[in-house]
Amino acid sequence: MGTLTITAKGQITLSKDVLQHLHVRPGEKLAVEKLPDGRIELRAKRDGKISDVFGFLKREDGPSMTIEKINEATRRGWSGRR
């Protein structure tokens, strides 16, 4: 478990490994849930619509995705990025 320091502006910086674990990049959002025992829970915020994935598997410049690539994308989770 790591330790975070709060700046004078009340901000914290998450380490690169934490951001990778959450599968987020700079500019993306995190959902924060306040738990009753004083803890918080951070999760990557995914506000996508089903229409965001239309065309995700379509390739104009080559063959469609293989089942292996589809399974890999599923394991990583949908992030709206190609």
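Values in this text are rule-based calculations from the coordinates and carry no lab data. Quick caveat, the model's predicted, so the values are computed rather than measured. Virtual Cβ from ideal backbone geometry, glycine too; neighbours counted across all protein chains shown.
Overview of values
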item	result
Phi-based couplings in Hz for the range 17-27 (Karplus 6.51, -1.76, 1.60; Gly and Pro marked x)	5, 5, 5, 5, 4, 7, 6, 10, 10, x, x
Simple label model, 7 Å out from Cα along Cβ direction - Leu30 to Ser15, nm	1.3 nm
5 angstrom amide H check on Leu30, placed H, neighbours 5+ away	Lys45
